[in-house]
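Participant: Dropping a structure here in structure tokens format, bear with me for questions.
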Amino acid sequence: MNNSQIYPFERNRYYPKKRLSSADYQAEQDYFNNKRRFLNGLMYGHGVVCGLGVFSLDDLSLLVESGVALDGMGREIVVEASDVKKLSSLSGFDSLKTNEATLCLRYKEEPVHKVYAIDQSDPEKEFQYNRVKEGYELFLMDKSDISESFEMDSEFLTKGTLMSSDHFLVEYTMPATVSRNQLVKARVVVRKLDSVDVRLSYRGVLQVPAFACPDGSSEIAIDITDVSLEEGESLNYEYWMKVLNTPAIESNIILKTGTAAGYENDRAVPVPANFALKVLLSDMLPRELVNREIGRLNLEMRNIGGQGDFIPLADLKLVRTDSAYIIEEVEDVAAKSYVTAPAQEMRRAEYMDFFIKQAELNAGSTAPVTVREKGSAAEHSTAFPEIATGVLEIPLGENARKGTVHYSGEIVHGLGRGNVYVDVGYEYIRDDESLGANAKSTIYGNPDIFAPEQRTVVDAETAVRVLNDKGSFVVGARLLKNVDYLVLTYRWVAIRFPAGNDLELSEDYTGRSISPETPTVRMSTKENHYFGVRYNNMEKCSVTYELTEAGSGSITADGIYTAPAKPGVYEIRIYCTDMPVICTYAYAIVEKGGFEDKNE
């Protein structure tokens, strides 16, 4: 690998009657060339800027499209027109040792414009080249000879080992610092360490106290089933979470007791019983965290991780014959690395718009989202309660007889989780003499009262089951008379009244409570357990954990309890930080076990 360090920069200093030699003029060119190349590498990196697609014209020929690239030394490589090459004419062809090759591009200078030299003191230098043409060269290498670019270790990510054997390595990775109220992605990476044909299965549950998963819980269920990989291959599993707005400055991610299990070809393999990973919580936005981490990389570290003086363009699969190689397949997408050009930022943002919002929906909560258009009446309304309405149908079928009960499907009302009142009314069409036309009417309550004036009213009693934790409801109807209808149509109205705090009634906590996900847990001395919290008829909020007596062990701000060395029954009080009156208790039964400190 060439030395890519082209600084410190040195330029000519001019003064009256200074004698200039060819070395001075060369220094002048080197200064501006090196400064430009330095900025190219620092600001843009290396790779393909545009074009340079590679195609197979026939079994023996390749076409390289025109384009631009930057190599690891910041030099511009311009292919001004599409270039057709016979495979056997490329440099490196005769040195290929395998059937998998890589087509590469590198910068090349060529002296041109031969002229008569004025200085004839050296007869062998009677002529000189007057120009240097900046060009390129295409060549071949065995794919296995191309080393991966060296990247310096970064403090941006933190990782821990979930399982390690002679055949597989399973690691959990995520940012070491996360942003409150923002989404973050965690990744479980499975790597194959050898060539032995072994299939892996791994299951475990990670408890993430300061995060909310898409299902609303604080647990990541890892389920890796029957994975088979080649040596050196890896497989990624991604998990999106939202960082809660907790006052804690750090959180610990731990493995739920008794959930980890690993199998190789249906044979159980040992897995670590304890797993703990510390993550810092910050008020900085994700972009600020990323910019800070990238900006910390100094020049020495950049030089250590310097790139080569060539650009891979395509991977080639070849078939060897008695006399030559034949091109079987050209793969140019995976081989390339691309430069992010600022000139394409608007186009890039336009294209990314098709992916980013969808990714946010997939990663975030699955609860219904209400979108208000700018300038609508809803935008300016601050009145309570919140109201939603719609129409539903209850199919009756052919056996619609007196006394039978029929149900609607599950209806999402769109007002979110919690206490919501829902009522339904029978909707029908009747003649209206004042309008001189048909009019739509809805009856709420007992339809029998209006039966004498309207024969089309179906006599049925209804009930509504509201699914508070799902933000939906189901309607049931019992027929009081035989009917000939196939479908009953109802108008539904859902009303959500504000909580006490929304009406500035801070003392109103009616119906709201919290409870521990595991009220009582058995554990060994010095063992860890996360006490998760369920929220009943209220939104998630910041909670505080405290031990009710001294010597009970310790508990972090995000609810990870560490048992003491002494067996016993210990009490943990959990309460809403801003509403201490809403509280609950959990209990840890600590027994002597395998995790105790043998020195005590």
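Participant: Taking the radius of gyration and the Kirkwood hydrodynamic radius from Cα positions alone, what is the Rg/Rh ratio for segment 1-152, to two decimal places?
Facilitator: My calculation of the ratio gives 1.06.
Participant: Identify, among Tyr15, Val54, Phe93, the residue whose Cα sits farthest towards the positive end of the charge dipole of segment 1-102, taking +1 on the Cβ of Lys and Arg and -1 on the Cβ of Asp and Glu, with the dipole about the Cα centre.
Facilitator: Farthest towards the positive pole: Tyr15.
Participant: Output the pairs from Lys85/Lys114; Lys242/Lys278; Lys278/Lys566 with a Cα-Cα distance over 19 Å in this structure; if there are none, say none.
Facilitator: Distance filter (> 19 Å) returns Lys85/Lys114; Lys278/Lys566.
Participant: Continuing with the same structure: What pairs from Lys192/Lys256; Lys256/Lys526; Lys97/Lys336; Lys159/Lys192 go past 19 Å between their alpha carbons?
Facilitator: Lys192/Lys256; Lys97/Lys336
Participant: Continuing with this model, one more query. Multiply the residue separation of Asn468 and Glu517 by 0.36 nm, subtract the distance between their alpha-carbon atoms, and state the gained length in nm to one decimal.
Facilitator: So the extension gain works out to 15.8 nm.
Participant: I would also like to ask the following. Given points 7 Å out from each Cα along the Cα-Cβ axis, report the Asn181 to Leu299 separation in nanometres with one decimal.
Facilitator: Those two pseudo-labels are separated by 4.1 nm.
Participant: Say R0 is 25 Å: what FRET efficiency, to the nearest 0.05, do Leu193 and Ala273 get from their beta-carbon distance?
Facilitator: 0.70
Participant: In what sequence, highest mean first, do 527-538, 174-185 appear when ranked by Cβ atoms within 10 angstrom?
Facilitator: 527-538, 174-185
Participant: Could you name the lysines whose alpha carbon sits less than 16 Å from that of Lys470, not counting residues in the same chain fewer than 8 places away?
Facilitator: Lys540
Participant: To the nearest 20 debye, what charge dipole does segment 513-591 have about its Cα centre, counting +1 at the Cβ of each Lys and Arg and -1 at the Cβ of each Asp and Glu?
Facilitator: Using Cβ point charges on Lys, Arg, Asp and Glu, segment 513-591 gives about 140 debye.
We did not get these values from a lab; they are worked out from the coordinates using the rules stated. Because the structure is a prediction, the values reported are computed rather than measured. Note: ideal-geometry Cβ built from the backbone for every residue, glycine included; neighbour counts use all protein chains shown.
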